[in-house]
Amino acid sequence: MSSPLFQSPKGTRDILPDEHLYFSFIKKVVRHRCRQAGYRRISTPVFEQLEVFQRGLGDTTDVVEKEMFVFESKSGKKLALRPENTAGVVRAYVEHGMQQLPKPVELYYIEPFFRYSRPQAGRYRQFHQFGFEVLGEGDAAIDAQVIYLAYKINQDLGVADRLNLQINTIGSTEDRVKFKEDLLNYYTGKERSLCEDCKRRKDKNPLRLLDCKEEDCRILASLAPKFSDVMGAESKEHFARLLEYLDELKVPYQKNPYLVRGLDYYSHTVFEFWSKKDGAQNATGGGGRYDGLVELMGGAPTPAVGYAAGMERLIDYMKEADIKPPNKDQVHVFVAQLGLVAKKKSLPLLSQLRERGINTVGAVGKDSIKAQMTLADRMKAEYALILGEVEVREGTIILRNMAKGSQQTIPYEDIVEKMVKLLGENKLESKKMWEE
Ligand code: HAM
């Protein structure tokens, strides 16, 4: 086969109908679980002023330094496609005075994001996250509930057993200032053993050195001062409480003192879900507390915690676990017709069946019965209704069970009720379903 004239841009993917079944299923689970817990949905623009991310995520983070799609508006304003949503949601929270709302303010989102990273398995330049942010409460019980919600969703999707919850505390901002000094002292004189990235990061953000995946850097990191040595009592208390709450909720976790996350806004709790098989490589999601971010973005000091998961990665693990999302696209009925009178009569029939929530397809552009029945087969329709000139004259219609190959003749006026009964009324999504 010759290669097509055009292809989707590097690192992006088309979501074809079969793949959409997974996305729809995840969205449904997320909406359901979030509503149950009192969250409300928010959407922010796919691009923001560049400074929202520079300030929010931190200038020296990989995401801001290397992975953003930055562009200029015609008037010369620097803008960036959003690489994540916490900074944008906090910008919106401050802009719309949401601190006036009853606390905590609980928000969720399901959106596309953009990172200019090197494409590889599970890493795309356009990808989808769902996530949630809880603003206005500093209690460790809120962290526990955010983690529990993430865990519950993993369970609903059938992937919880394939993932390991990694959890750590990176302390308060003051703790980190002290820790950074200790790290700087430790790494000074050892620069030659560091990778190029770490050499560059050492002075600006030595915490990131603990997170490096390079062999030599990892060895050095394992011998570096431990954060627990400088951590204040308040942070220790917060973390201890959180672990107690997780125990109470029976959420399994692994304490990981090396987990620091790649974004600067975090304080206290940080966590990620790692694959039991691939480790940190393809984390399905992560989050943590970001008590300083609202203030950094121009709002009043506001404690906050959140989480986001990568939908493409979750889908990979769902496929690995052989989880099949429900197929709402299933064609229930195929209407075949022969002759002009029958074709005319089939048009309102298609509409009546659809009004009752029956997924109905009719190949009204085709005239040969054989071609229509082949199509019904290929579409995996459960039933076919066949209307020819004889049936129109006699006021009947032929009902064919496609799997069994059996058929019967039914009075035309009974057919809609008959189909509703056969397909099971409560399985069908009536036209009113969006009002429920
Ligand atoms: P993050 O760890 O950068 O956190 O991203 C969360 C998840 O998004 C990752 O665990 C991964 O599954 C998915 N992801 C990230 N980059 C890519 C990519 N290039 N291709 C495919 N999937 C990707 C955040 O974004 C934070 N905003 C989470 C958060 C919310 N923290 C507090 N509130």
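Label sites at L249 and A403, each approximated as a point 7 angstrom past Cα along Cα to Cβ, lie 4.0 nm apart. How far is it, in nm, from the label point at K27 to the one at K66 when both lie 7 Å from their Cα along the line to the Cβ? Taking the simple label geometry, K27 and K66 are separated by 3.3 nm. Between I369 and K78, full extension at 0.36 nm per residue minus the direct alpha carbon distance yields a gain of 98.8 nm. Stokes-Einstein diffusion of segment 316-425 at 20 °C, 1.002 mPa s viscosity, Kirkwood radius from Cα pairs, rounded to a whole number: 147 µm²/s.
Extent of segment 261-347 along its three principal axes (Cα atoms, max minus min coordinate, largest first): 72, 39, 14 Å.
Hey, what's the per residue convex hull volume over the C-alpha atoms of segment 253-409, in cubic angstrom? Mind dumping the intermediate values first?
Values: hull volume 33.7 nm³, N = 157.
Residue-normalised Cα hull volume stands at 215 Å³.
Among residues other than A144 with Cβ under 10 Å from its Cβ, the summed charge is -4 (Lys and Arg +1, Asp and Glu -1). Starting from the Cα gyration tensor of segment 1-56, take the square roots of the eigenvalues, sort them a ≥ b ≥ c, and report rounded, prolate or oblate (rounded when a/c is under 1.5, otherwise prolate if a/b is larger than b/c, else oblate). Judged from the Cα gyration tensor, segment 1-56 comes out oblate (a/c at least 1.5, b/c at or above a/b).
Sorted largest first, the spans of the alpha carbon positions of segment 72-210 along the three principal axes are 50, 46, 38 Å. Computing Rg and the Kirkwood Rh from the Cα coordinates of segment 173-325 gives a ratio, Rg/Rh, of 0.99. For the chain, a Gaussian network of Cα nodes joined below 10 Å ranks V134, V159, V361 by mean-square fluctuation, and the top entry is V361.
Applying a DSSP loop filter and a limit of 11 other Cβ atoms within 10 Å to the trypsin sites (Lys or Arg not before Pro) in segment 325-422 leaves K404. Here each label is just a point 7 Å from Cα along the line to Cβ, and for E191 and N426 those points are 7.1 nm apart. Expressed as a fraction of 2.2 N^0.38 Å, the value expected for a compact globular protein of N residues, the C-alpha radius of gyration of segment 380-426 is 1.15.
When both segment 373-435 and segment 87-151 are represented by their alpha-carbon centers, they are found 46 Å apart. Build a GNM of the chain with springs between Cα atoms under 10 Å apart, and of G288, G131, G232 the one that fluctuates most is G232.
Each other residue within a Cβ distance under 12 Å of D377 adds +1 if Lys or Arg and -1 if Asp or Glu, for a net charge of +3. FRET efficiency for A121 and E215, Cβ-Cβ distance as r, R0 = 22 Å, nearest 0.05? Efficiency at R0 = 22 Å is approximately 0.55. Taking 0.36 nm per residue of separation and subtracting the Cα-Cα distance, full extension of the segment from E413 to N327 would add 28.0 nm. Residues Y253, Y290 in ascending order of nearby Cβ atoms (within 10 Å, fewest first): Y253, Y290. The angle between the Cα long axis of helix 173-187 and the longest principal axis of the Cα atoms of the chain comes to about 70 degrees, rounded to the nearest 10.
Above 23 angstrom, tally the Cα pairs of segment 53-139 and express them as a % of all pairs, no decimals. Tail of P(r) above 23 Å: 33 percent of Cα pairs. As an equivalent ellipsoid, the chain spans semi-axes of 54, 23, 21 angstrom, where each value is the square root of five times an eigenvalue of the C-alpha gyration tensor, largest first. Residues whose amide H lies under 5 Å from that of T302, counting only those 5 or more places away or on a different chain, are V294, E295; hydrogens are built 1.01 Å from N in the peptide plane. Just to confirm my numbers, what's the Cα centroid distance between segment 173-227 and segment 247-261 in Å? Comparing the Cα centres of segment 173-227 and segment 247-261, I get a distance of 23 Å.
Quick note: the coordinates plus some simple rules give every number you see, no bench work behind them. Just so it is clear, the model here is predicted, and its values are computed rather than measured. Ideal geometry is used to build each Cβ from the backbone, glycine not excepted, and the neighbour counts take in all protein chains shown.
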